[in-house]
1. Among the residues of the range 401-428, which ones are part of a helix (DSSP H, G or I), within 26 Å of the chain's Cα centre (by Cα) and exposed (fewer than 13 other Cβ atoms within 10 Å of the Cβ)?
2. State the number of residues belonging to the range 264-276 that are open to solvent by 10 Å² or more (accessible area, probe 1.4 Å) and within 15 Å of residue 61 (Cα to Cα).
3. Checking the structure you have, find out if any residue of the range 434-452 is open to solvent by 80 Å² or more (accessible area, probe 1.4 Å) and at pLDDT 90 or above.
4. For the condition open to solvent by less than 40 Å² (accessible area, probe 1.4 Å), under 20 Å from residue 619 (Cβ atoms), in contact (Cβ under 8 Å) with a residue 24 or more places away in the chain and not β-branched (Val, Ile, Thr), what is the one hit in 525, 601?
5. In this structure, does residue 242 turn out to be closer than 18 Å to residue 52 by Cβ, crowded, with 21+ Cβ neighbours inside 10 Å, modelled with pLDDT of 75 or more and of a type in the set (Ser, Thr, Tyr)?
6. Considering only the range 24-35, how many residues are open to solvent by 40 Å² or more (accessible area, probe 1.4 Å) and over 15 Å from residue 244 (Cβ atoms)?
7. Among the residues of the range 152-199, how many are part of a strand (DSSP E or B) and within 23 Å of residue 96 (Cβ to Cβ)?
8. Would you say residue 178 is open to solvent by 60 Å² or more (accessible area, probe 1.4 Å), in contact (Cβ under 8 Å) with a residue 12 or more places away in the chain, within 52 Å of the chain's Cα centre (by Cα) and within 25 Å of residue 267 (Cβ to Cβ)?
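The values are calculated or read from the model by the stated rules, or taken from the named source; none is laboratory data. Quantities reported herein were computed from a predicted structural model and do not represent experimental measurements. Note that each Cβ is placed from the backbone with ideal geometry, even for glycine, and that neighbours are counted across all protein chains shown. These accessible areas exclude ligands, DNA and RNA; they are computed on the full protein's heavy atoms, side chains included. Shrake-Rupley method; radii C 1.70, N 1.55, O 1.52, S 1.80 Å.
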Amino acid sequence: MKTWSLKWRAAVGAMLMCFLLISLIGFSLMHFMRKDLSTLIADQQRTLVTSVAQSIDGKLSFNLDAISAYAAAFPAHLLAFSAQVRAHHGAHPVFLSLFDDILVFAPNGDIIADFPELSARKSLNASDRSFFQQVLITKRAVISEPVISKTRREPILQMAAPIMNSSGQLAGIMVGVIRLYKPNFLGNLGEAKIGKSGYFSLLSKTPKEVYIAHPDKGRILQTHTPESDPAVRRALEGFKASGETVSHTGSEALITSTTLRNAPWVLIAVAPTQEVFSPIAEAEQQLMMILLCVTLLVLSLVWLAAWHLLGPLEKLRDAIIHLHGSPTEFVPVPVNRTDELGDLTKAFNTLMQERIAAQVTQQETESTLRLIADNMPALISFLDRNLRYTFANQKHTEWFGKTSEEMIRRTPGEVFGADQFESIRPYFEAALRGERVSYDHQRKTLGASRFTHTTLIPHHSKNGRVIGIFKLTTDISERKQTELALNDLVRMDPLTGLCNRHGFDERLPAALQRNARSGAWMALMFLDVDNFKHINDSLGHATGDEVLREFGRRLSACVRVTDTVARPGGDEFTIILEGLNKPHEAIEVAEKIQPQLQVKMTTSGGDCQVTSSIGIALCRKGSTDAVELLRQADEAVYEAKRNGRNRYHVASLPKSELKLVAAAM
């Protein structure tokens, strides 16, 4: 008996698609409704902000004109009498109503009179205020930046105008003070509301960008950080701006701003979006309820349809579950249908039988390959594209005590430590790019430190994409130790154990480079064994060798471990002294060496006493190269010999360096 066809099931799918389409249309309509409402409200708020800004501009202009006219008509001869200045102010109550305080200053910045009078202002001086300096220069009325009052320690705004005498000279400066905490046209701005909880704020466009008015009094004259307010940022740059942002209380809000004409300020209006979009929010809730009901109804219908459709698949599902628990014990699922499900069941039975046969073959192959890999004298592993181990041979347990099970699905950083892996990470990244990479690395293993050579071979899929890395690591410790020993032999004098000519030629330029970077003093000492030929001729070459060995040992005992003692050849020795604070330290080393060398040496040929002629060459900040420094030291040692041996001589320096030596001494 045939069941429902795939056509019926396709109808269910179409029904679901219709539901999704209806939902999409509903949400799209709400989106555009919200967008249109946002535009309308933004236009209204821009109109409101423009109106308030014009009002503030008008009041600023009126107050500035008023103080300019008042200062221009002020009798300059009254400035000599503080009481008469206050009496004159008292006779003009209309002007006094425009400002909270009226101050008059002399051109040097000292206060002449204030109204109302405060004892704290008697020693007030305004010469350091920028608005005061601007009036002195321009002789015009100005609006100051908002600042903290020197007497009341509260935020204020000041308007200043020049008082000229009959000769046209500046006699004083009239200053009107608007206190930003008081209920004036600026102080009241922070109290104004937009809707239920919206508000206005006023922001200075000066480099500090501080608040002039704000509902939170504590933020007045505090620096604004507009990184999170793109609309305010555009307003500060001279554009009229509007957009959604987050208010100072942490709630989402619609922000609108504009720039005033008469002062470098930005007026900002903030309206909470929760209030602004409350009508659309109610409509969205209604739509969500409708969509929820439709969703529940559709899901119920889909469940009923699935209950009928999936019944015939239960046997196939049970067979798959049983196969998951016992993958090699597959019992073919009976085929009792002639429709698509019957064909699917037949295909499943065939596929599983082929899979089990292939799995048995694969397991045998994997067992053979693992046996081979585990017995290889090298680390063999495979990492997937995420650099996680999917295979690791038994050698990892012998070297690191890490079993294959502990490494699988973990990265090298997790297995061996992130710090150790970071140094070799670039090689793995190159392998993931498709490059075959080899590198040497020293690492700690159980009971020993090994030098290893690793080769990373990228594994590509059929489409050429790198899907993993084969990793082969061999132990090259013995070869590396041989190389290191050979390198030491090349650079070491076999007789004294000191650096030979080759080692010295490498270390001197390197020392000069470090000296150029550090700026400290360094010295090269060239030493000859005095009358060494006589020792060789009279006591024999074997005794001469003993003298050279003891000579080198005593030199090494007289210097720091960071200094380099070398025997370039014959009876010649050199010492590289780095990091000297003063050039005189090199002379101190020479004076320390000479008495040590004069102590009798006991050799197989008898006791003998040895002295040395020492040449010293100095340099600082890489002032010379290796060839020149060696030449200076060589000339200095010959000068010491010409002066009678058993002494030291410092090579002469250019006048510029002699001044440095004299200063360092």
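1. The answer is 418, 419, 422, 426.
2. 1
3. Yes, the range 434-452 contains at least one residue that is open to solvent by 80 Å² or more (accessible area, probe 1.4 Å) and at pLDDT 90 or above.
4. On the way: 601 fails: under 20 Å from residue 619 (Cβ atoms).
Sole residue among the options that is open to solvent by less than 40 Å² (accessible area, probe 1.4 Å), under 20 Å from residue 619 (Cβ atoms), in contact (Cβ under 8 Å) with a residue 24 or more places away in the chain and not β-branched (Val, Ile, Thr): 525.
5. Numbers: closer than 18 Å to residue 52 by Cβ: yes; crowded, with 21+ Cβ neighbours inside 10 Å: yes; modelled with pLDDT of 75 or more: no; of a type in the set (Ser, Thr, Tyr): yes.
Spelling it out, it is not the case that residue 242 is closer than 18 Å to residue 52 by Cβ, crowded, with 21+ Cβ neighbours inside 10 Å, modelled with pLDDT of 75 or more and of a type in the set (Ser, Thr, Tyr).
6. Taking the range 24-35 and keeping what is open to solvent by 40 Å² or more (accessible area, probe 1.4 Å), we get 24-25, 27-29, 31-35.
From what's left, over 15 Å from residue 244 (Cβ atoms): 24-25, 27-29, 32-33.
Qualifying residue count, the range 24-35: 7.
7. First pass over the range 152-199, keeping only residues part of a strand (DSSP E or B): 155-164, 170-179, 193-194, 198-199.
Restricting the remaining residues to those that are within 23 Å of residue 96 (Cβ to Cβ) gives 155-164, 171-179.
Summing the residues that are part of a strand (DSSP E or B) and within 23 Å of residue 96 (Cβ to Cβ) in the range 152-199 gives 19.
8. So residue 178 fails the test.
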